[in-house]
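The values are calculated or read from the model by the stated rules, or taken from the named source; none is laboratory data. Predicted model, so just to flag it, every value in this text is computed and none were measured. Positions of Cβ are backbone-derived with ideal geometry, glycine not excepted, and every protein chain shown enters the neighbour counts. These area figures cover heavy atoms from the full protein model, side chains too; ligands, DNA and RNA do not enter into them. Shrake-Rupley method; radii C 1.70, N 1.55, O 1.52, S 1.80 Å.
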Amino acid sequence: MSNTVRTACVIGAGVMGSAIAAHLAGAGVKVHLLDIVPSNEKELASGGRDARAKAGLAAALQAKPAAFFDPDAARLVVPGNLEDHLDRLGECQLVIEAVVENLDIKRKVFAAVAPHLRDGCVLASNTSGLSIAGMNAALPEALRKRFVVLHFFNPVRYMRLLEVVPGPDTEPAVVSAMVEFGEWLGKGVVYGKDTTNFVANRIGVYSMMLAMQEMVAQGLSIEAVDAIAGKPMGRPKSAVFQTGDIVGLDTLVHVAKNCFDSLSDDPERDVFQMPQFVSAMVEAGRLGRKSGEGFYKKVGKDIHVLDVGSGQYRPRETIELSSVTGAKGPPAVRIAKLLAADDAGSRFAWSVVSKTLVYAANLVGEIADDIVNIDRAMCWGFNWELGPFQIWDALGVRATVERMTADGLRVPSWVTAMLDSDRTSFYAGGVGNATYFDKRSNVATPVPRHPKQLQVAAFKENKGNVLDHNAGASLVDIGDGVLCLEVHTKMNTLDADVVAMVHRAVDVAEAQFSAIVVGNDADHFSAGANLMLIVGAAMQQKWDEVEAIIKGLQDSFQRLRYAQVPVVSCPTQYTLGGGCELAMASDASQSYAETYTGLVEVGVGLIPAGCGCLRMVERYTSHIADIDGADLLPHVGQASLNIAMAKVSTSAEEAKRLRYLRPTDGISLNRDFLLHEAKQRALGLAQAGYRPPRPLQLKAAGYDAAKTIGAKVWGMVEGRWASAHDALIANKIAHILCGGTVPAGTVLSEQHYLDLEREAFLQLCGEPKTHERIKHMLETGKPLRN
């Protein structure tokens, strides 16, 4: 089913409105971005009557991180104003209001736009927590059926959560259509209710406020709280106070105040009372990153932290708590270890976690119908690794309830009733058949799952689907004649086990399957080759061993490239170095929109030698090689620059411009749908009479082109933009991409380029400065430019 929203309007070109417009445009939707006509002459003179909307679009184009997948999509955003351009609403299937959080202003906007809406147009508000019933009252009766809240989270492109909240008269079909649209946009949809701050902000801000109060009560410092309440507690590294700085203290105060003012019947209302030291910071203009200082402040190259007692900034202290240093492993294990310890860190964590769990349990039915929506809201909206009820399961519900009761906390009766029914956890079952305890029916209910959501782990629960496996990779039957090659090393790095399984995948697929999909359930596709494969042999100068490793990688990728069945890769997020080369070995890619890919080997003093240089020559020159007199130098030069600068795409769209992806490769906005859509692409190729490509014959740019590139590299060294070792690597890249010491126009085989890759790689492995780069990367995780 295709998307039914072809044209939309966003009213309000502030931070949220312009970001929503950018995201819709990135998905291919035409967007009218409207704002008020400026009242001051300076704005009018600089941008005309559309100045506010134009400024919002300009800000979205300059946003860091980027609001657009591709800046070119800004062509789909049409600025306008609310006096001259309300007639444009007649072409829209969806209108989203994103003006200031003031009920009177929103009502005035609704009154102005309502007469211009076409029949069937959905009117939505991006309010973060105002009363829907209050907004509904300002609408004509017929429009109330098409009114809904679509609450996006900031930054819109990157935050997965979309809270969909119907009004009292909203038709179910409208809610279903907006849920489908949100999922098409790549969002994880949570169904909320008309309550203050809906789902994620209600619990997330409660937990942040609770952490601030417990910090003061227990005498901890800001940096200590952030050390405890980040990764050890299964939350983002920004924890409490860094998150506050990112969001903005004024925004945090607004949301907390909205809760305090509105939740008169909430027993925990006082938790939302902002601590005096935070209110004083807002009054002083210390609003976080937007103002340059908040809970933290950058002083020169150092980060200082606010001392709550004195109100002054000081250098951060090193936090040494055994509960924090011992909290390692997967999220469930980390949290359990943290709370089982006995020091100041564990006591603080227990106080915050236990009260947050009880608060969330008390809100089931009030803010959302079930625990699944609450857990998803916290994971997608606040980047928790586990939601409240998933955390409770990880700790053991019965033991945790006993500890809570001993502490004097009142656990909701429905939780104890669940335990009395002999069910010991909120969730049960596997990935493919998970159930949750439904408070409404008191029975196990299947966790909602979109039919397009495929997971390798779900297929692997049937042991018969795992056709082969080793420590590095598995071959999994994902149905309909498609074989999945799943890499599952740490960060999905490529090692000898993975190389062996690539060959095995082709053997099995050619004998039993119609197509291969290379993908996984992890956050990242692959961080590249495992450097430990190479570093030991290189340090001991075992050059034959190094060459065998590289040739093995090349052979496996070439085997994949020329398999008798179609191969589709599905890159997602980090797709770097050898991971990029693995993805490029496929016939087609179906990439997640948030794919950050590139050939980054120069960061460790090496060059791409897993067919990466060959693929760049193919993708930059093959389309013009047959044109008489075509100058290959500019094209090879750009490819050389991409590799020498270790350029990494900031999206799948940019990866197409950098040629890491083909123009014809697909992009999935929704990560949950990636494997399904890759599978469909593979089946489409198989069913369309697939034949493997013929090995390439590539026309070389030649020796003189390499020397021209070398002259530019020399200029960068002279200008101190590059080091001598950078120049050495860049010249080897140019040598390979130009075909070596051959005249321009020489027709070369793929193997010729692969031989050049191996030769350069081996030479660089013997360089002391390359050893320094590899050592630095392994020790720090960061590149060294020496």
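Things to note:
- Qualifying residue in region 18-35 (condition: over 27 Å from the mean Cα position of the chain (by Cα) and free of Cβ contacts under 8 Å to residues at least 60 places away in the same chain): yes
- Tabulated pairs, region 602-624, first within 17 Å of Q751 (Cβ to Cβ), second in a loop (DSSP other than H, G, I, E, B) and of a type in the set (V, I, T), C-beta under 9 angstrom, 6+ apart or interchain: P608/V600; C613/I607
Rundown of residues vs (1) within 26 Å of A509 (Cα to Cα); (2) touching a Cys at 6+ places or on another chain (Cβ under 9 Å), yes/no style:
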| residue | (1), (2) |
| --- | --- |
| A529 | yes, no |
| I534 | no, yes |
| E547 | no, no |
| R561 | yes, yes |
| G578 | yes, no |
| A583 | yes, yes |
| D587 | yes, no |
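- Scanning region 106-119 finds no residues that are touching a helix residue (DSSP H, G or I) at 6+ places or on another chain (Cβ under 9 Å) and either assigned to a strand (DSSP E or B) or within 26 Å of R376 (Cβ to Cβ) (or both).
- Helices (runs of 4 or more DSSP H) contained entirely in region 5-62, each with at least 2 residues that are under 21 Å from V100 (Cα atoms): 15-26, 51-62
- You will find that of T445, T400, the residue that is at pLDDT 95 or above, among the polar types (S, T, N, Q), buried (at least 21 other Cβ atoms within 10 Å of the Cβ) and more than 29 Å from the chain's Cα centre (by Cα) is T400 and no other.
- Every pair of residues 6+ apart whose Cβ atoms lie under 7 Å, when the first sits in region 393-413 and is among the small types (G, A, S) while the second is not in a helix (DSSP H, G or I): A394/L386
- Of the criteria (1) part of a loop (DSSP other than H, G, I, E, B); (2) farther than 30 Å from T746 by Cβ; (3) of a type outside the set (A, V, I, L, M), which one R691 fails: (2)
- Condition met for P172 (within 24 Å of R376 (Cβ to Cβ) and surrounded by fewer than 22 Cβ atoms within 10 Å (Cβ to Cβ)): yes
- K328 being open to solvent by 30 Å² or more (accessible area, probe 1.4 Å), within 33 Å of the chain's Cα centre (by Cα) and farther than 28 Å from L386 by Cβ: no
- So I549, is it more than 29 Å from the chain's Cα centre (by Cα), without any contact (Cβ under 8 Å) to a residue 60 or more places away in the chain and closer than 18 Å to V604 by Cβ: yes
- In a residue-by-residue description of region 300-323, the property of being in a helix (DSSP H, G or I) and open to solvent by less than 50 Å² (accessible area, probe 1.4 Å) applies to at least one position.
- Residues within region 24-37 that are open to solvent by less than 10 Å² (accessible area, probe 1.4 Å) and touching a Lys or Arg at 6+ places or on another chain (Cβ under 6 Å), tallied: 1
- Note on region 686-708: among residues that are open to solvent by less than 60 Å² (accessible area, probe 1.4 Å) and within 36 Å of the chain's Cα centre (by Cα), the one that is farthest from A588 (Cα to Cα) is L696.
- Unique residue being open to solvent by less than 10 Å² (accessible area, probe 1.4 Å), under 20 Å from Q697 (Cβ atoms) and of a type in the set (D, E, K, R) when the list is R619, R559, R615: R615
- Candidate set: region 225-237, residues that are open to solvent by less than 10 Å² (accessible area, probe 1.4 Å) and touching a residue at least 60 places away in the same chain (Cβ under 8 Å); chosen: the one farthest from R334 (Cα to Cα): V225
- Taken over region 50-62, the criterion of being touching a Ser or Thr at 6+ places or on another chain (Cβ under 8 Å) and surrounded by fewer than 18 Cβ atoms within 10 Å (Cβ to Cβ) is satisfied by A59 alone.
- If the condition is being under 23 Å from K64 (Cβ atoms), open to solvent by less than 40 Å² (accessible area, probe 1.4 Å), part of a loop (DSSP other than H, G, I, E, B) and in contact with a helix residue (DSSP H, G or I) (Cβ under 8 Å, 6 or more places away or on another chain), then region 623-675 contributes A646, S649, L658, Y660, L669.
- Identity of the residue in region 371-395, of a type in the set (F, W, Y) and in contact with a Leu (Cβ under 6 Å, 6 or more places away or on another chain), that ends up surrounded by the fewest Cβ atoms within 10 Å (Cβ to Cβ): W380
- Qualifying positions in region 141-164 - farther than 20 Å from A21 by Cα and in contact with a Phe, Trp or Tyr (Cβ under 9 Å, 6 or more places away or on another chain): L143
- Neighbours by Cβ (under 9 Å, 6+ apart or cross-chain): first from region 201-222, open to solvent by 10 Å² or more (accessible area, probe 1.4 Å) and among the small types (G, A, S); second in a helix (DSSP H, G or I) and at pLDDT 95 or above: A217/S351; G219/A344; S221/M215
- Flag for T746 being open to solvent by 60 Å² or more (accessible area, probe 1.4 Å) and on the phi < 0 side of the Ramachandran plot: no
- Hey, R347 among the charged types (D, E, K, R) and either at positive phi or crowded, with 21+ Cβ neighbours inside 10 Å (or both) or not: no
- For region 374-386, the condition of being in contact (Cβ under 8 Å) with a residue 60 or more places away in the chain, out of contact with any Pro (no Cβ under 6 Å at 6 or more places or on another chain) and among the basic types (K, R) holds for at least one residue.
- None of F459, F557, F513, F525 is among the aromatic types (F, W, Y), under 30 Å from C379 (Cβ atoms) and without any contact (Cβ under 8 Å) to a residue 60 or more places away in the chain except F459.
- Residue within region 247-254 that is assigned to a loop (DSSP other than H, G, I, E, B), modelled with pLDDT under 95 and open to solvent by 70 Å² or more (accessible area, probe 1.4 Å) present: no
- All positions within region 257-266 that are touching a residue at least 12 places away in the same chain (Cβ under 8 Å), under 19 Å from A361 (Cβ atoms) and more than 33 Å from the chain's Cα centre (by Cα): L263
- Being within 30 Å of L150 (Cα to Cα), more than 27 Å from the chain's Cα centre (by Cα) and part of a loop (DSSP other than H, G, I, E, B) is a description that applies to E366.
- Test: residue in region 724-738 that is in contact with a strand residue (DSSP E or B) (Cβ under 6 Å, 6 or more places away or on another chain) and open to solvent by less than 60 Å² (accessible area, probe 1.4 Å): no
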